[in-house]
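Okay, so here's the structure we're looking at.
The values are calculated or read from the model by the stated rules, or taken from the named source; none is laboratory data. Every value quoted in this text rests on a predicted model; they were computed, and no experiment measured them. Cβ coordinates were reconstructed from backbone atoms using ideal geometry, including for glycine residues, and neighbour counts include every protein chain displayed.
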There are 2 protein chains.
Amino acid sequence: MATIYDVARRASVSTTTVSKVLSNTPYVSATTKARVLEAMRELQYTPSLVARGLSGNRTYVVALVVPYELNYLFSDPFLLEIIRGVEDVTNEKDYNLLLSVARKSDQRSAYTRLLRTGYVDGAITIETFEGDEAARDLEARGIARVSVGYRSDANPINNVHCDDYRGAYEAVTHLLKLGHRRIGVVSGPARFMIAMEERLRGTQEALAAYGLTLDPALLVYGDFTVESGYRASKPLLENPERPTAIFAMNDRMAAGVLRRAQEYSLNVPTDLSLVGFDDIPLTGLVEPPLTTIHQPAFRLGQVATQKLFELINDELKQFEPIVLPVELVVRSSTALPNQP
Amino acid sequence: MATIYDVARRASVSTTTVSKVLSNTPYVSATTKARVLEAMRELQYTPSLVARGLSGNRTYVVALVVPYELNYLFSDPFLLEIIRGVEDVTNEKDYNLLLSVARKSDQRSAYTRLLRTGYVDGAITIETFEGDEAARDLEARGIARVSVGYRSDANPINNVHCDDYRGAYEAVTHLLKLGHRRIGVVSGPARFMIAMEERLRGTQEALAAYGLTLDPALLVYGDFTVESGYRASKPLLENPERPTAIFAMNDRMAAGVLRRAQEYSLNVPTDLSLVGFDDIPLTGLVEPPLTTIHQPAFRLGQVATQKLFELINDELKQFEPIVLPVELVVRSSTALPNQP
DNA sequence: TATAAACAGGGAAGCGGTTCCCTACACCAA
DNA sequence: TTGGTGTAGGGAACCGCTTCCCTGTTTATA
């Protein structure tokens, strides 16, 4: 591989000049510049990122820190959309994207290794229950960092997330407008997840606007997987006063509820209305297609990454959480309740 | 961040000695070693990967080159499983994984930038229609490379893929055993994709074993998306001699066929049996759950990456394609044909 | 026409490691 | 005593690039 010395020699200039051409510094004559560029072309020269990283203080790499089992991550299409958004921006900025999965077992090695080895200019962390340690570690080392998605309490700053409150409010209001009065809720894990608390708050306030309150017996918890939605919905559907509608706090759990409903020979939406959250591709494929709350996941990733670059470039010291709007998408899983 | 100099000073030794401790070279006395390790601990020292990369000739990074629109990639759960497998091994080897998406538009920049900047020790490429240029480029630069998945013609070496022939053979044989004699096929794009040719060959030979041949009118093509399955299956279902079974060469297209069948009020499996390929999570969620061919995608990624490390470590010069077995998974989308 | 300012280019010191090679000492055998 | 060998440690070059700072030449300005 050709180095900057080879180029310099071939163009009969110093490496300084080559470097200047590379970085488009002024004060290089047009003819010299042309000669250098020509030499580069002839030698198929590309500057070594590693050397650049060592001398400049840039690595041109940002890490995407995913603090769960990849297993879990990759089963969540919502997160995949976020990644797409991140990649979209890093690519545009000519940056490289490191996929860094912090397994529970070796949080201290998997990504810490990366970050403290000075290999990255910044990091995007996907927030979850336990993601905080990672974030704090980064902050301590002064590495630019933006957290995205499920927002957690410990890092109120440099976060981009969706309007969870509003989403839940609209989902439930949609059901209320249709005439439902007895509404079940399948929540995600509530511990440490502000997102879930917010959705719960949205649910309650929507109910309150109709003079209702959430029956504790109709509130159950899952862990976002299809399976958990299936499991958690059992008590709801077996409840003597079965709800006429269920709001599940993500689509995968909604799919689980749907499966259970089918097992109980309940028709969705005539016997049971169902609203999800996220709007993953799956929602259009199940029967019936799910009414849900669309989260702009791709945009989430994009915005987070744009902000990250502002931090990296010191155009910004920190920023207050950015909230992206969500949108109700009405498909076929909701309808007027059966008259009792 | 502490450097090797800081450690050396603190332990009152030279950087050479620190480096020796780091690499476990002999000829360092136990007491000195202990002192150095102590200094490292106190300073929270981690060697800079970048500096190491420059002097040694290792970057401890491997790239995962995905030569399509990320857009496309992330809608394919099968590929995600491959990635999981790759990550599993890179993590174990203390390597870092760079996600490099070579968009059509800028093949010359997105990943070329990466590879020819000497930023990676090796690369895994996911093969597709146009992935070859990437592979050849890598080879030319002498960078270790393994291709995985959909195998392409131009790179018969250093590839890991599944037994496409066998999968198709078993899928069709399953239908034949049930009694189906008129079987439609939704293929993927055939151009340059050996995988598809192999599946077609498997189909034909399975039919041949029952004294049948594939009716050209029952062979249609999609592009792996749900939508394309929906589109491509139209002529099949409108055919005056409608097939009693359809073999779709991936699950997403099978889901598209399923949707079309439902629109035509055809019951699956009683009116139409359906077999997919890949075994992505979706197959268990649609109604009815799809019978399909399971590809060990996770394993695919693992094996490819293990091989990559052998290449990187010069334990291997190159290797013949590795074929992983597939498995028929019978769910609820196949049944005996209706008696005419 | 004198002189400051803009322009062109190069020397060399880093960035943080690794590694080749050298020195020094201790111990052993001849 | 001499010399060889194994052990312990250090000096310094080098990996490929950036950047600070210096020198010399033009060009604009008073």
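Some observations on this one:
- Answer from A:Asp279, A:Asp251 - the residue that is modelled with pLDDT under 95, in contact with a Leu (Cβ under 7 Å, 6 or more places away or on another chain), buried (at least 24 other Cβ atoms within 10 Å of the Cβ) and not hydroxyl-bearing (Ser, Thr, Tyr): A:Asp251
- Annotation: of all residues in segment B:329-339 being assigned to a loop (DSSP other than H, G, I, E, B) and free of Cβ contacts under 8 Å to residues at least 60 places away in the same chain, the one that is farthest from B:Arg182 (Cα to Cα) is B:Arg331.
- Helices (runs of 4 or more DSSP H) fully within segment A:1-67 counting 2 or more residues that are farther than 29 Å from A:Asn313 by Cα and within 12 Å of DNA strand C (Cβ to nearest atom): A:4-11, A:30-43
- The residue of segment B:3-39 that is farthest from DNA strand D (Cβ to nearest atom), among those that are touching a Lys or Arg at 6+ places or on another chain (Cβ under 9 Å) and among the aliphatic types (A, V, I, L, M), is B:Ala39.
- Scanning segment B:35-46 for residues that are more than 7 Å from chain A (Cβ to nearest Cβ) and either in contact (Cβ under 8 Å) with a residue 24 or more places away in the chain or surrounded by 13 or more Cβ atoms within 10 Å (Cβ to Cβ) (or both) yields B:Arg35, B:Val36, B:Leu37, B:Glu38, B:Ala39, B:Met40, B:Glu42, B:Leu43, B:Gln44, B:Tyr45.
- Number of the exception - B:Leu274 against (1) more than 21 Å from the chain's Cα centre (by Cα); (2) not in a strand (DSSP E or B): (2)
- Extreme residue, nearest to the other protein chains (Cβ to nearest Cβ), among residues of segment A:257-276 that are crowded, with 24+ Cβ neighbours inside 10 Å and of a type in the set (Gly, Ala, Ser): A:Gly276
- Any chance A:Glu69 is acidic (Asp, Glu) and modelled with pLDDT of 75 or more: no
- Among the residues of segment B:313-328, those that are more than 27 Å from B:Gly142 (Cβ to Cβ) and assigned to a strand (DSSP E or B) comprise B:Leu324, B:Glu327, B:Leu328.
- Flag for B:Val89 being within 11 Å of DNA strand C (Cβ to nearest atom), assigned to a helix (DSSP H, G or I), of a type outside the set (Phe, Trp, Tyr) and buried (at least 21 other Cβ atoms within 10 Å of the Cβ): no
- Within segment A:49-66, the set of residues being surrounded by 21 or more Cβ atoms within 10 Å (Cβ to Cβ) and either of a type in the set (D, E, K, R) or within 10 Å of DNA strand D (Cβ to nearest atom) (or both) comprises A:Leu49, A:Val50, A:Gly53.
- If you check A:Leu328, A:Leu274, A:Leu311, A:Leu285 for being at pLDDT below 95 and in contact with a strand residue (DSSP E or B) (Cβ under 9 Å, 6 or more places away or on another chain), only one passes: A:Leu311.
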